Amino acid sequence: MNRTRIISILTQDNIGKTVTVCGWVRSRRESRGVAFVALNDGSSQDTLQMVVPESSHAFKELHSFNTGAAIRAEGVIKESPGKGQSCELEVTEIYVFGNADAEKYPLQKKGHSLEFLREIGHLRPRTNTFGAVFRVRNVLSDAVHEFFQGRGFIWVHTPIITASDCEGAGDLFTVSSLDFEKMPKQENGDIDFNQDFFGKRAFLTVSGQLEAEFLAMSLGDVYTFGPTFRAENSNTSRHLSEFWMIEPEMAFADLNDDIQLAEDFVQFLCKKVLENCEKEIAFFQKFYKNTSVDELHSLSEKPFTHITYTRAIEELEKAKKAKFEFPVKWGHDLQSEHEKYLTDKVFKGPVVVTDYPKEIKAFYMRLNDDGDTVAAMDVLAPKIGEIIGGSQREERLHVLETRMSDADVPLESMQWYLDLRRYGSAPHAGFGLGFERLVQYITGMPNIRDVIPCPRTPHNIKF
């Protein structure tokens with residue numbers, strides 16, 4: 001079907017051209033022998049105004065469709081005398097692909113709550129809000145590859161099904177082909193995963209980092225961009241059970257290289273959104289007020305503040321008037337409320353926190369010379385907190401073995417990981433960025449469930 005996308009009509013000079021457009025009807029009204037139809041095809045934040053004169057052959061089709069109908073229209077692009085639009089389509093022909101029941105169609109010309117729209121997730125992309133969210137998500141996705149490909153990184157595909165728990169958290173989804181009604185058991189009553197498909201227990205991955213490490217130790221600089229899963233029973237506005245992670249890994253790199261890459265990456269993504277999503281960001285700024293063009297410009301240009309974890313604790317301890325739900329104490333992990341206090345109240349901008357206590361970080365992070373902290377870093381963004389977590393990896397075999405033993409990580413099943421330290425070990429570093437948290441920050445959407453098409457959360461697996 002030869003059709004012209006609405007974004008092309010609105011952004012290019014098409015006056016006088018005959019075009020065919022397809023889309024979904026947002027609204028329809030008649031006035032003094034002429035009808036006006038607002039059409040949207042998802043390509044633009046704006047709708048195309050279609051003018052149907054009473055004398056037109058298409059006028060008789062107006063009463064054959066309602067709001068929500070999918071139609072095709074043909075006509076001539078003309079300059080618009082109305083405000084807020086440079087052109088409009090004078091329609092000569094209309095064809096209705098599929099009508100919508102006017103009484104039952106849930107998206108009427110009024111405001112709908114985000115909670116209500118989650119209940120009709122299959123239709124919510126037709127709204128201004130979610131059309132804007134998913135176009136921003138698209139631009140950011142493309143920019144991820146542009147950034148890393150432009151720096152010589154190789155895109156690698158790490159497994160979704162894995163036998164390892166990268167984080168050591170234990171909140172994983174088990175993957176099994178066993179019959180749940182007739183589970184094979186060992187003598188002690190435990191499930192006998194030796195009879196399962198892989199001959200051992202398997203999980204949906206929480207991270208592609210460990211596999212990316214061995215690829216980086218052969219290919220140099222690599223990155224992953226794919227789905228990850230956590231079975232954490234959390235219903236907060238910041239957590240999903242299925243989400244997308246971006247994980248670069250660099251050979252011959254230390255913590256400072258890692259921090260620089262993270263800062264450059266975030267700033268590059270912000271610039272791309274400002275360049276390509278002007279109308280969408282203006283929409284979010286107007287209706288959700290949790291983001292702004294000025295804030296994104298600042299993030300894309302302003303240097304990040306660098307502090308150690310110890311300094312962060314000191315700053316939080318000074319906050320006598322702040323009423324934190326979680327205690328502030330050296331050795332305790334920073335919570336979202338602490339992170340947002342540092343970015344929003346103390347430093348008023350993005351913050352990189354480094355050198356965390358080893359007890360609260362993963363076994364693979366390089367032990368610092370003080371023996372108490374590791375070469376880790378978190379990037380904190382205003383209003384949302386942590387969006388990047390990374391570290392220099394432990395490249396010393398004997399130190400890594402000790403750290404794994406202390407963390408009760410079975411060395412037998414991780415010999416392949418230790419081999420990287422036995423055969424040509426080298427300094428390397430990387431980080432993980434939760435893509436949905438970035439989209440949430442950029443758009444200002446209050447709930448992370450509203451920046452992914454099909455949110456997966458406890459007791460929610462619709463579609």
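The values are calculated or read from the model by the stated rules, or taken from the named source; none is laboratory data. Given the structure is predicted, the values throughout are model-derived calculations rather than measurements. Reconstructed Cβ throughout: ideal geometry from the backbone, glycine too, with neighbour counts over all protein chains shown. Side chains are part of the model used for accessible areas, which takes the heavy atoms of the whole protein and leaves out ligands, DNA and RNA. Shrake-Rupley method; radii C 1.70, N 1.55, O 1.52, S 1.80 Å.
Screening Ala262, Ala202 for residues that are open to solvent by less than 20 Å² (accessible area, probe 1.4 Å), of a type outside the set (D, E, K, R) and more than 22 Å from the chain's Cα centre (by Cα) leaves exactly one candidate, Ala202. Pairs meeting the criteria (first residue in the range 47-68 and surrounded by 16 or more Cβ atoms within 10 Å (Cβ to Cβ), second residue modelled with pLDDT under 90, beta carbons under 6 Å, at least 6 apart or on different chains) are Gln49/Gln85. Which of the residues belonging to the range 1-16 are within 17 Å of Val91 (Cα to Cα), open to solvent by less than 100 Å² (accessible area, probe 1.4 Å) and either in a helix (DSSP H, G or I) or of a type in the set (D, E, K, R) (or both)? Result: Arg3, Ile6, Ile9, Leu10.
State which residue is nearest to Thr291 (Cα to Cα) when the search covers only the range 106-145 and only residues that are open to solvent by 30 Å² or more (accessible area, probe 1.4 Å) and of a type in the set (Phe, Trp, Tyr). Here the answer is Phe134. Considering Thr129, Thr158, Thr92, the condition of being in contact with a helix residue (DSSP H, G or I) (Cβ under 8 Å, 6 or more places away or on another chain), hydroxyl-bearing (Ser, Thr, Tyr) and assigned to a helix (DSSP H, G or I) is satisfied by Thr129 alone. Being open to solvent by less than 60 Å² (accessible area, probe 1.4 Å) and basic (Lys, Arg) is the filter; apply it to the range 373-427 and report the residue that is nearest to Gln267 (Cα to Cα). By that ranking, first place goes to Arg393. When each of Gly189, Gly199, Gly152 is tested for being at positive phi and touching a residue at least 12 places away in the same chain (Cβ under 8 Å), the lone residue that passes is Gly152. Test Val351 against the stated conditions and say whether it is farther than 15 Å from Asp254 by Cβ, buried (at least 20 other Cβ atoms within 10 Å of the Cβ), out of contact with any Gly (no Cβ under 6 Å at 6 or more places or on another chain) and not hydroxyl-bearing (Ser, Thr, Tyr). The answer is yes for Val351.
The numbered conditions (1) over 30 Å from Asp419 (Cα atoms); (2) in contact with a Cys (Cβ under 9 Å, 6 or more places away or on another chain); (3) crowded, with 17+ Cβ neighbours inside 10 Å are all true for Ala362 except (1).
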